[in-house]
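The values are calculated or read from the model by the stated rules, or taken from the named source; none is laboratory data. Only a predicted model underlies this, so the values are computations on that prediction, with no experimental measurement involved. Here the Cβ positions follow ideal geometry from the backbone for every residue, glycine too, while neighbour counts run over all protein chains shown.
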């Protein structure tokens, strides 16, 4: 999913250009300076905090999948888990247990994708 983008900055820049939003206008709408946004887009600075990521998602009118991609890339840039997940993981002991079990059993992509597909069936 994320292979089409080199990094968080490239993702943001490409989406901003697709929507024809000038850099200064984008920076203003999310409450950061234009030089700071430029540095983010050029992969010289880390992504902003979650509140700003939410604003970026709104300004760029990202789909849920695009937002997930953005958050995954933000986490990767910070060498961390995507910033929307730590609270969910920490508030639910069973999630940590599931992740450890999957790690210990070296669960592969196919197993995880089956698990995700089962969960998505509940969406209806």
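Residues that are touching a helix residue (DSSP H, G or I) at 6+ places or on another chain (Cβ under 7 Å) and touching a residue at least 24 places away in the same chain (Cβ under 8 Å) do not occur anywhere in the range 90-102.
When residue 59 is tested against the conditions (1) at pLDDT below 95; (2) within 18 Å of the chain's Cα centre (by Cα), the lone failure is (1).
For residue 109, the conditions (1) surrounded by 10 or more Cβ atoms within 10 Å (Cβ to Cβ); (2) under 29 Å from residue 46 (Cβ atoms); (3) not assigned by TED's automatic domain parsing to the domain that holds residue 17 all hold with the exception of (1). Among the residues of the range 68-81, those identified as surrounded by 18 or more Cβ atoms within 10 Å (Cβ to Cβ) and in contact with a helix residue (DSSP H, G or I) (Cβ under 7 Å, 6 or more places away or on another chain) are 69, 70, 71, 73, 74.
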